[in-house]
1. Residues of the range 63-82 being crowded, with 17+ Cβ neighbours inside 10 Å and in contact with a Phe, Trp or Tyr (Cβ under 9 Å, 6 or more places away or on another chain), which ones?
2. Among the residues in the range 144-166, are any within 29 Å of residue 37 (Cα to Cα) and buried (at least 17 other Cβ atoms within 10 Å of the Cβ)?
3. Can you tell me which residues in the range 86-107 are in contact with a Ser or Thr (Cβ under 8 Å, 6 or more places away or on another chain) and farther than 14 Å from residue 68 by Cα?
4. Hey, which of the helices (runs of 4 or more DSSP H) in the range 16-129, taking only ones fully inside, have at least 1 residues that are over 19 Å from residue 215 (Cα atoms) and basic (Lys, Arg)?
5. Quick check: is even one residue across the range 29-39 farther than 22 Å from residue 136 by Cβ and out of contact with any Cys (no Cβ under 8 Å at 6 or more places or on another chain)?
6. How many residues are touching a residue at least 12 places away in the same chain (Cβ under 8 Å) and surrounded by 12 or more Cβ atoms within 10 Å (Cβ to Cβ) if we restrict to the range 207-227?
Amino acid sequence: MKVFYDQLNRKLELKDLLRRIVSLVPSQTELLVDLGLRKKIVGVTKFCVHPEDLRKEKKVVGGTKQVHYDRIKALAPDIILCNKEENTEEMVTELEKIAPVHVSNVMTIEDSLELILQYGEIFGVTEKASEISEKIAFLKNEFQKEMEKVPERKVAYFIWKNPWMVAGKDTFIDHLLELNRFKNAFSEKDSRYPEIELEQLEQQNVELVLLSTEPFPFKLKVRDAFKKEVKMDRVHIVDGEYFSWYGSRLISAFAYFRKLQAVLS
């Protein structure tokens, strides 16, 4: 047995060889595959959409907030991977009755790099984990230098409709907005994902509205109606995966951010 600590500093006692993994976080599932661990994954959520064909070959055990514990137990996992934000505390408590549970806590790219290296140690793929983390760190620093010349813009990043909800402080989204020189108009709210009224956009002097493709799937029809309601032209749909998925997804995120900046300039 080996001892590890997750990102909540919880102690895990794990087998020397971990052959069966259940991942309940889409971005972490994608990371596992890119670390070369696809064959060891036995269970995923219905939201684990990358790689596209993964759900056809793995057991789908539910969503991120609700899972079928009996399905997970039947898979006899050696470890279950969760996330503080994506999954609930109650879930983690129940899952610990089945197998050791690693809980990630990612609010910055630095947290993501730490997680990647942790997985490298836990699953015996340190070389690949180092390669991925170093590449992300390089691309992030390169992008950050480019963004020094870009003027800051005040934005609202919407994640839900009915009620209207935006990304607030202490979120990975807020961190990536800042990296893109977007000043989050609602980062001072107490809630991490506050509900707001659309009138607050004018009160907060919001220059730019970003409508995310997830978790609410904002489409062009909703965007056009939104623009009319708030009387703003600068309303754009953005790919939510690039603003909220961490792990290996970050390798392609910076190219997406460059294209977005070009559209918005």
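1. Selection gives 64, 79, 81.
2. Checked against the condition, which is being within 29 Å of residue 37 (Cα to Cα) and buried (at least 17 other Cβ atoms within 10 Å of the Cβ), the range 144-166 yields no hits at all.
3. Scanning the range 86-107 gives 86, 106, 107.
4. Passing ranges, in order: 54-57, 69-74.
5. Yes - at least one qualifying residue is present in the range 29-39.
6. Number of matching residues: 14.
Laboratory data are not the source of any read-out in this text; all were calculated from the coordinates shown. These figures come from a predicted structure and were not determined experimentally. Here the Cβ is made from the backbone with ideal geometry for all residues, glycine too, and neighbour counts use every protein chain on show.
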